[in-house]
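Since the structure comes first, as structure tokens, the remarks are kept for the end.
The values are calculated or read from the model by the stated rules, or taken from the named source; none is laboratory data. Small disclaimer: the values here were computed from a predicted structure and weren't measured. All Cβ positions, glycine included, derive from the backbone under ideal geometry; neighbour counts span all protein chains shown. What goes into the accessible areas is simple: the full protein's heavy atoms, side chains included, and nothing from ligands, DNA or RNA. Shrake-Rupley method; radii C 1.70, N 1.55, O 1.52, S 1.80 Å.
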Amino acid sequence: MVGSDHDIEYRILGPMELVVRGEPVATGSPQQRGLLAILLLNANKIVRAEQIIGALWDDPPATALGQVQTRVWRLRQLLRSDGGAGEAESALVTMPGGYLLTVDPAALDLELFRRAVERARGLHAARRFEQSADAMREALALWRGPVLGDVDVPWVRAEAANLEELRLAAWEERIETDLALGRHRELISELRNMVETYPMRERPRAHLMLALYRSGRQAEALEAFGTGYRLLADNLGLEPTADLRLLHHAILTGDPGLDLKTEIQVSERSSRLSPRELPAGVAWFTGRECVLAELRAFLTSTTPPHSGVVATVSGPPGTGKTALAVELGHSVAEHFPDGQIFVDLRGQDRRPAAPSDVLGRLLTKFGLSTSAIPETTAERAAAFRTLMADLRALVVLDNAAHAAQVRPLLPAGSGCAVVITSRQRFASLESTYHVDLDAFSVADGVALLDRIIGPERLAAEPEVARRIVELCGRLPLAIWAAGARVRARPHWKLGRFAAMLEREDQRLDMLAFGDLDVRSAFLSSYTQLERRQRLLFRRLGSLGVPDIPHWVPGQLVDATPEDGEELIESLVEARLVDVAEVDDTGAARYRMGDLMRLFAKERAEAEDATDDVCAALGGTIEAGLRST
């Protein structure tokens, strides 16, 4: 992170370091460091106040919430890009029920580590061993010591232990790559230290045995196995795993399969396997049968057009676009034997994936060497089309930001198919098939709830189940979150949970469970809006009416009717507002779903002055009365 151009940098792979505009900043008391650590380990996610309290205290004092609020206030000043000296916005904001720390992944050493490890693994898969080893060394060099070593919070220490496992796995993979490069002699000293530090880990011991054997030190390799055998037996009463015993036998018998040349040949053969990158399907996937059938028929047509087939799946946040694309991909995988590629284009991030970077990764997945990858996006796109021309492969481009992002990623081969998901409708994209997802029907929503909580509980209160689905806005993500919360509490009656959902002030809180969070899904779209779009969105939430005539938006933001209509149409394009109807004159009426309206109202309460909201709503009501 040296030479970074980020105003704020966070370093947690060692003692905590906070750097603002190139200068180290003290993070305050131990508990304030603990609070920042909790927020950084949940960067770009809403962290609820009760989560923070539970992490900071085993036995929270009565003043716990107040102490958290005070420390949040202090951190907010630290986390301004101007160091708290001016009026710059802080990266830490208060959300309903919790807090959100917005962090650019490139400014957090943990995310830089993860990206470098991912790059190293991709290079290894492409048989580019030297570059892979260099990338893994780059990743490991970011570690300055134990994660957050100066933060003494039990929850943080538990999370740090998990991250330490990632470091050890990366270290082991780097050594494995160096072994493939024939660096066994240089590795022996490092491996001896590693085995001494982590005597119960079998992978480093296996690497040490192999390095010793390849260095002509067969007896020492066997001794290393014997030492490990005795440690496991004496301390745990266990024997080494079958893999380690097989390696021992191979060394004992001088198996030629351990020779370096053979291993590299096997690695090359393995890397030529077609990529199979689709994520696991959603266990609770249900509904969308007709859409799935139509898309399957389209993708597997025996007479595809010469340019291949492209299907786009759009819809508001939470409608299950990714789940549909993954389910579809698995169902047609056998028709694309040369591979199934899955790429998250991070369309809702502050920095969506760059087409040039994605193309570089795609080219290496299909075996192109680094030296053969062109520099420009256009040249990379041409190389990708050439490479894919004779293949039968499926490419899933998930969470796309805009048509310009995906256009260079489209293969031209007639045997290839592409599925694109996005919240926006890509009207300008040369797509040959389009699906627009909306909320579930009540029947599909109830069917999903049934799969999550079980038929017995649903059958006991069927009408309540229907009411829960309606309160979830029939949104698949909301129903998943609601079902998961109820599933985790088998002693709850559905009626009790429905009563909680009836309260508008806590409905969005009830629709967050684990990584299923309706509010966060909405927030990712909201933060993409421009200032005036956000203002209109909040005003619509404050207005609280079921539908909105075309003249209202201009009144709400003190704009001309034409500008107001253009603003609300941009919210329609962003999938935050729907068109309810269009009358004979062409004038539209708009509506906002109940959950989206509640979210917009929350943002208004958090961001807008009460007097400003009242003035805007009062002026709109007066204009409405004058028009009647």
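Filter region 33-50 for residues that are open to solvent by 10 Å² or more (accessible area, probe 1.4 Å) and under 15 Å from residue 71 (Cα atoms) and give the result. First the steps, then the outcome.
Going through region 33-50, the residues open to solvent by 10 Å² or more (accessible area, probe 1.4 Å) turn out to be 33, 41-46, 48-50.
Across region 33-50, the qualifying residues are 33, 48, 49, 50.
All of 156, 117, 147 fail the test of being closer than 28 Å to residue 21 by Cα, of a type in the set (A, V, I, L, M, F, W, C) and not in a helix (DSSP H, G or I), apart from 147.
Going through region 390-422 one residue at a time, which ones are of a type in the set (Gly, Ala, Ser) and either under 14 Å from residue 434 (Cα atoms) or in contact with an Asp or Glu (Cβ under 6 Å, 6 or more places away or on another chain) (or both)?
Initially, region 390-422 is screened for residues of a type in the set (Gly, Ala, Ser), giving 393, 400-401, 403-404, 412-415, 417, 422.
Passing the criteria: 393, 403, 417, 422.
The residues of region 204-214 that are over 23 Å from residue 167 (Cα atoms) and either at pLDDT below 90 or open to solvent by 20 Å² or more (accessible area, probe 1.4 Å) (or both), listed by number, are 213, 214.
Rundown of residues vs (1) assigned to a helix (DSSP H, G or I); (2) at pLDDT 95 or above, yes/no style:
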| position | (1), (2) |
| --- | --- |
| 499 | yes, yes |
| 505 | yes, no |
| 521 | yes, no |
| 525 | yes, no |
| 529 | no, no |
| 532 | yes, no |
| 541 | yes, no |
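What residue, among those in region 553-572 that are open to solvent by 10 Å² or more (accessible area, probe 1.4 Å) and of a type in the set (A, V, I, L, M, F, W, C), is nearest to residue 424 (Cα to Cα)?
Narrowing region 553-572 to residues open to solvent by 10 Å² or more (accessible area, probe 1.4 Å): 555, 557-563, 565-567, 569-570, 572.
Then keep just the ones that are of a type in the set (A, V, I, L, M, F, W, C); that gives 557, 559, 567, 572.
Working: 557: 24, 559: 25, 567: 16, 572: 9 Å.
Looking at residues that are open to solvent by 10 Å² or more (accessible area, probe 1.4 Å) and of a type in the set (A, V, I, L, M, F, W, C), I get 572.
Checked against (1) touching a residue at least 12 places away in the same chain (Cβ under 8 Å); (2) assigned to a helix (DSSP H, G or I); (3) open to solvent by 70 Å² or more (accessible area, probe 1.4 Å), residue 244 passes all but a single condition, namely (3).
Screening residue 575 on (1) within 30 Å of residue 323 (Cβ to Cβ); (2) open to solvent by 50 Å² or more (accessible area, probe 1.4 Å) shows it passes everything except condition (2).
Restricting attention to region 513-534 and to residues that are touching a residue at least 60 places away in the same chain (Cβ under 8 Å), open to solvent by less than 30 Å² (accessible area, probe 1.4 Å) and not polar (S, T, N, Q), the residue that is nearest to residue 474 (Cα to Cα) turns out to be 518. Candidates are the residues of region 489-512 that are touching a residue at least 12 places away in the same chain (Cβ under 8 Å) and closer than 29 Å to residue 103 by Cβ; the one that is farthest from the chain's Cα centre (by Cα) is 507. Among the criteria (1) open to solvent by less than 40 Å² (accessible area, probe 1.4 Å); (2) closer than 21 Å to residue 399 by Cα; (3) modelled with pLDDT of 90 or more, the one residue 327 does not fulfil is (1).
More than 26 Å from the chain's Cα centre (by Cα), in contact (Cβ under 8 Å) with a residue 24 or more places away in the chain and closer than 19 Å to residue 95 by Cβ, is that true of residue 608? Break it down into steps so the answer makes sense when it comes.
Numbers: more than 26 Å from the chain's Cα centre (by Cα): yes; in contact (Cβ under 8 Å) with a residue 24 or more places away in the chain: yes; closer than 19 Å to residue 95 by Cβ: yes.
Spelling it out, residue 608 is indeed more than 26 Å from the chain's Cα centre (by Cα), in contact (Cβ under 8 Å) with a residue 24 or more places away in the chain and closer than 19 Å to residue 95 by Cβ.
Taking region 28-65 as the range and being within 20 Å of residue 145 (Cβ to Cβ) and over 28 Å from the mean Cα position of the chain (by Cα) as the test, only 30 passes. Within region 580-593, restricting attention to residues that are within 18 Å of residue 539 (Cβ to Cβ) and open to solvent by 20 Å² or more (accessible area, probe 1.4 Å), the residue that is nearest to the chain's Cα centre (by Cα) is 593.
Among the residues of region 554-613, those identified as farther than 13 Å from residue 534 by Cα, small (Gly, Ala, Ser) and not in a helix (DSSP H, G or I) are 559, 580, 586, 587, 588, 593, 609.
Filter region 137-159 down to residues that are within 29 Å of residue 51 (Cα to Cα) and surrounded by fewer than 16 Cβ atoms within 10 Å (Cβ to Cβ), then give me how many there are.
In the first step, residues of region 137-159 are kept if they are within 29 Å of residue 51 (Cα to Cα); the result is 142-159.
Imposing the further condition that a residue be surrounded by fewer than 16 Cβ atoms within 10 Å (Cβ to Cβ) reduces the set to 144-145, 149-150, 152, 154, 157-158.
Count: 8.
Of the residues making up region 335-362, just one is crowded, with 18+ Cβ neighbours inside 10 Å, more than 20 Å from the chain's Cα centre (by Cα) and over 21 Å from residue 123 (Cβ atoms), namely 336.
Being surrounded by 14 or more Cβ atoms within 10 Å (Cβ to Cβ), among the β-branched types (Val, Ile, Thr) and either more than 35 Å from the chain's Cα centre (by Cα) or farther than 19 Å from residue 213 by Cα (or both) is a description that does not apply to residue 175. In the set (1) open to solvent by 10 Å² or more (accessible area, probe 1.4 Å); (2) in contact with an Asp or Glu (Cβ under 6 Å, 6 or more places away or on another chain); (3) outside any helix (DSSP H, G or I), residue 458 fails one condition alone, (3).
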